[in-house]
Structures are given as C-alpha cells and as structure tokens.
1. Inside region 29-42, can you point out the residues that are under 13 Å from the mean Cα position of the chain (by Cα) and open to solvent by less than 80 Å² (accessible area, probe 1.4 Å)?
2. Does T77 satisfy the criteria of being open to solvent by 60 Å² or more (accessible area, probe 1.4 Å), assigned to a helix (DSSP H, G or I) and of a type outside the set (A, V, I, L, M)?
3. When region 109-149 is examined, which residues are found to be open to solvent by 50 Å² or more (accessible area, probe 1.4 Å), out of contact with any Cys (no Cβ under 9 Å at 6 or more places or on another chain), closer than 26 Å to I167 by Cα and among the hydroxyl-bearing types (S, T, Y)?
4. Answer with yes or no whether L175 is on the phi < 0 side of the Ramachandran plot, open to solvent by less than 80 Å² (accessible area, probe 1.4 Å), at pLDDT below 95 and not basic (K, R).
5. For region 10-28, which positions are of a type outside the set (A, V, I, L, M, F, W, C) and either surrounded by 20 or more Cβ atoms within 10 Å (Cβ to Cβ) or in contact with a helix residue (DSSP H, G or I) (Cβ under 9 Å, 6 or more places away or on another chain) (or both)?
6. Of all residues in region 63-74, how many are free of Cβ contacts under 8 Å to residues at least 40 places away in the same chain and open to solvent by less than 50 Å² (accessible area, probe 1.4 Å)?
7. I'd like to check something: does region 48-68 contain any residue that is of a type in the set (K, R) and assigned to a helix (DSSP H, G or I)?
8. Tell me which residues, restricted to region 82-102, are open to solvent by less than 50 Å² (accessible area, probe 1.4 Å), free of Cβ contacts under 8 Å to residues at least 60 places away in the same chain and not β-branched (V, I, T).
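The values are calculated or read from the model by the stated rules, or taken from the named source; none is laboratory data. Just so you know, these numbers come straight off a predicted model, no measurement behind them. Using ideal geometry, Cβ is built from the backbone for each residue, glycine included, and neighbour counts are taken over all protein chains shown. With ligands, DNA and RNA removed, areas are computed over all heavy atoms of the protein, side chains included. Shrake-Rupley method; radii C 1.70, N 1.55, O 1.52, S 1.80 Å.
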Amino acid sequence: MNEPSLRYTDERDKSYGIAGMAITLVACDGEHLLAEIHLDAEPGECMVMTHDFGFKGNPRMSAKIVWEQTLKDLRITTSMALGNLACRRYILAGKGLSQEETDGLRDAVRTEAHEHCSLEDDEADRLFDSCYRYVDRIFRHSGIRSVADGFADHLTRRRTLSAVEAIELLAQLGLR
C-alpha cells in the first residue's frame, strides 16, 4: 500500500498545521503544557511543550500515576496530530481526512500506546477513535475557520509565539 505523505507542502500548510495543534491543545484543556511555538523550526519541533509534558520516570511516583499521566499525554499528542491534519485538510484544502491518512495515524498511535502504555490494539483504537471524534467536531464547527485563518496568518507574520501570546490570540479569535 502506498502511504500518503503527511509532510507539509509549504509554509502556509505548515502554519495551518500548527494552528490546528494549538486549537486542539486549548480545546483539550492542555494550554498549560505549551511553552512556545516556532514556525521556522523543523516539523515535529514547532510546538515546544513544557517539562510537564511527556514521560517523567520519577521513581517517587507510583507506577499507576506514571501510567495515567503517560496515557493522558498520549491522548493529547494523538489529538494534536489529528488537529494538525484536520486543520490542513478541512480548513485549508476544503476536504476531509482520507482513510489512508487516518490509518497511518492510527498505526502510529497503536505503536506508541503499546510501547508506552502497554495497551492492546483494541484499547489503542478506542483512544484514537475518541480523539478523532472530538477533533472532527472541532474542525467541522462553522466558527473554527476564522480562528484557524487568523492564527495561521498571525503566526506567519510573527514567526514565534510564546504560550501566553498563542493562548491570548486564540481567545481574541473566539476560542473559549
């Protein structure tokens, strides 16, 4: 099977992908996890997260707490990846996500869920489907286009946003 490329086609595509991740992060109540946004960074490094995000491995924390936090971070990461793609497809290209794209993301989530949370495929699929439904509702909402357009435009002009600037911008644009 030929896997579709999820790479950015140009700077505009990238700015909408980042907008989608920022919108999704705020919608998932994860704005406290954002440190900065850099349009000129390499893909995968544009959204700088705080030290609270990601695997901690603190030996003083119970295994259950570490697992729950890792699962929560996986849910946010999955939602942000879907938000990136949904914003680029729904808002920028005016179409939906293809089956190949969602299958590729689903496979990546399965791998991460198995490796970091010891989830079986059916459990990972439930997590993915839940994130997908939520992100789909966000980006099919009629008011989200103006938010995404405004955020992507502002990011393209500024190039870098602090977490506070990004969150305030999203609020000014009508998110929350």
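1. Listed by number, the residues that qualify are G30, E31, L33, L34, I37.
2. Against the criterion (open to solvent by 60 Å² or more (accessible area, probe 1.4 Å), assigned to a helix (DSSP H, G or I) and of a type outside the set (A, V, I, L, M)), T77 qualifies.
3. Those that are open to solvent by 50 Å² or more (accessible area, probe 1.4 Å), out of contact with any Cys (no Cβ under 9 Å at 6 or more places or on another chain), closer than 26 Å to I167 by Cα and among the hydroxyl-bearing types (S, T, Y): Y132, S142, S146.
4. Here the answer is yes, as L175 does meet what is asked.
5. So the first thing to find is which residues in region 10-28 are of a type outside the set (A, V, I, L, M, F, W, C), and the list is 10-17, 20, 24.
Within region 10-28, E11, R12, D13, K14, S15, Y16, G17, G20, T24 qualify.
6. Going residue by residue through region 63-74, those that are free of Cβ contacts under 8 Å to residues at least 40 places away in the same chain are 63-66, 68-69, 72-73.
In the following step, the residues that additionally are open to solvent by less than 50 Å² (accessible area, probe 1.4 Å) were identified as 66, 73.
The qualifying residues number 2.
7. yes
8. L82, R89, Y90, G96, L97
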